[in-house]
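Trainee: Okay, here's the structure, questions in a sec.
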Amino acid sequence: MLVASVIVFASCSSDDDNTTTETTTPTTSKFVLGLGVTTSTETTNFVLGVDDLMTGTIDLQNQGILQDGYRDYATGGNTFYSIGGLGVTDVNAYTLATDGGLNVNNSLTFPLQLDGFEQINTTTMLGISVPQDQTANAAIQFYTIDIETNAIVNTGQVPFEGVNPDTANNRIFHTGMQISGNKLYQTFYLVNKDDFNTPNTDTQYVAIYNYPEFTLDRVISDNRFGPAGAFNTQSGVYTTENGDIFTVSNSNFGFTQATKEAGILKIPAGGTQFDPNYTFNTENVTNGGKIIHAIYAGDGKLFAAVSTKVLEGPDGSNGFGNVYSDTNLKLAIVDLNLKTITNVSSAPEFTGNGGRSFAAFKDGNSVYTAITDANGTTNIYRTDLNNATATKGAQVDASFVGGISKIAQ
């Protein structure tokens, strides 16, 4: 095991003082950001610890921990994970050092790149790899990781042919996973393996596995809405405190066609079938739209980025139309039980970061996220969940914010 202590410099400065100072006083908690800087030739990723998200400017001048390759981010307990992708198979685990810096443990490496990484309880992370080779003899890989020891403690394999019997023509793309009781629920959609068209946008699929055995129970489908989630957004499935499972279809971003309206379905806690009495069309309610990105915010609610974009189909000159664009987003709170959507006030319309997980983090009754405005300026926004009001915070001098979290000792 390799554990290194990395000094992190204070990164919030006032508008008239751009100097930075080393953090040396003990601290009990710190915000951590995954930041990306994109040029005409490449994107470089950094992890940065800061004490304050709401004032001044957050920048990478003489600070930030360089990450190798593509990165997405997740949090488990008091660990911030930098997850490799696009061929990078390692996961760097960051914890808070007593001097206010970040300790990094880079001993966690997987045989394949991860396509999902979720906290499933206070001690355990769950990883999944969905290989590009999806022939009948290939398999979906599952891993459970102990947060404290940063070690893989269990693995499992499920052949693709059980989840997708048409491996000759289609691949499955993973969009999310959650645990409820002794079941693991995975949302996915089908993609033609030759031209990447999405032929089955009128049907939603959920694979249900036995946990922790990682054996396939069944695959269920429903045609009230299209596929749940989208490529690499981890936005397909959520679980509530009582174990109910909700699957979210945006019927838009990441597909080559849109044949159904957007909506949410429910699987009762521990169940193996969709609830026929629960249908939540998110487009035909007040403040409605398509839920592209979301995190679970507790009490049966999602904190979401909802698109109000009007879909344009292909006209012969515009490829697949605008179904791939992650635009016209607004922040909103979605009540899964009341089937309502409440707009967050004082937050501008924005464009998302496309196929990556939602950079949003719940801290008490607040959610922190980042919005890049029409002028290309990125700011942190803190939303009060009690009154659905956002407050504009620090400016972030980076191309995008890929992850936000808060860790403590």
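Please treat every number below as a calculation from the coordinates, not as lab data. Source: prediction; values computed, not measured. Backbone-built Cβ (ideal geometry, glycine too); neighbour counts: all protein chains shown.
Trainee: Tell me which lysines have Cα within less than 21 Å of residue 392's Cα, excluding those fewer than 8 residues away on the same chain?
Mentor: Reachable lysines: 30, 330, 362, 406.
Trainee: Across the stretch 147-163, in residue order, what do the Karplus-derived ³J(HN,Hα) couplings come to in whole Hz, using 6.51 cos²θ - 1.76 cosθ + 1.60 with θ = phi - 60° and x for Gly and Pro?
Mentor: In residue order, the calculated couplings are 5, 5, 8, 6, 10, 6, 10, 7, 9, x, 10, 10, x, 4, 4, x, 8 Hz.
Trainee: Another question about this same structure. Residues in the stretch 113-149, backbone N under 13 Å from the label point at residue 78 (7 Å along the Cα-to-beta-carbon vector): list them, ranges by number please.
Mentor: 148
Trainee: Which value does Rg/Rh take for the chain over its C-alpha atoms, Rh per Kirkwood?
Mentor: Value, to two decimals: 0.95.
Trainee: Moving on to the next point. Just to check I understand the Karplus step: with θ = phi - 60° and J = 6.51 cos²θ - 1.76 cosθ + 1.60, what whole-Hz values come out for the stretch 230-241, glycine and proline as x?
Mentor: These are the phi-based 3J(HN,Hα) values: 7, 4, 6, 8, 6, 10, x, 8, 9, 10, 9, 4 Hz.
Trainee: Under a straight-distance cross-link criterion of Cα-Cα below 16 Å, which aspartates and glutamates are reachable from residue 301, leaving out those fewer than 8 residues away in the same chain?
Mentor: Within the straight-line limit of under 16 Å, residue 301 reaches these aspartates and glutamates: 241, 244, 335, 363, 384.
Trainee: If you don't mind, there's one more thing I want to ask. By how many nm would the segment from residue 51 to residue 168 lengthen if fully extended, with 0.36 nm per residue of separation less the alpha-carbon distance?
Mentor: 37.0 nm
Trainee: Same structure, new question: Using a Cα-Cα cut-off of under 19 Å, which lysines could be cross-linked to residue 183, ignoring same-chain neighbours fewer than 8 residues away?
Mentor: 266
Trainee: Using 0.36 nm per residue of separation minus the Cα-Cα distance, give me the extension gain between residue 202 and residue 103 in nm, one decimal.
Mentor: Full extension of this stretch gives 31.0 nm more.
Trainee: Next question, about the same structure. Could you check which residue among 229, 76, 270 shows the biggest mean-square fluctuation in a GNM of the chain with a 10 Å Cα cutoff?
Mentor: 270
Trainee: Using 0.36 nm per residue, how much length does the chain from residue 384 to residue 38 gain when fully extended, once their Cα-Cα distance is taken away?
Mentor: 121.5 nm
Trainee: How far apart, in nm, are two points set 7 Å out from the Cα along the Cα-to-Cβ line at residue 362 and at residue 195?
Mentor: 4.2
Trainee: May I pose another question? Could you bin all the Cα-Cα distances of the stretch 325-400 into 10 Å bins starting at 0 and give me the percent of pairs in each, rounded to whole numbers?
Mentor: For the stretch 325-400, the binned pair fractions read 18, 52, 27, 3 percent.
Trainee: Place the peptides 244-250, 178-184 in order of packing, highest mean first, counting for every residue the other Cβ atoms within 10 Å and averaging per peptide.
Mentor: 244-250, 178-184
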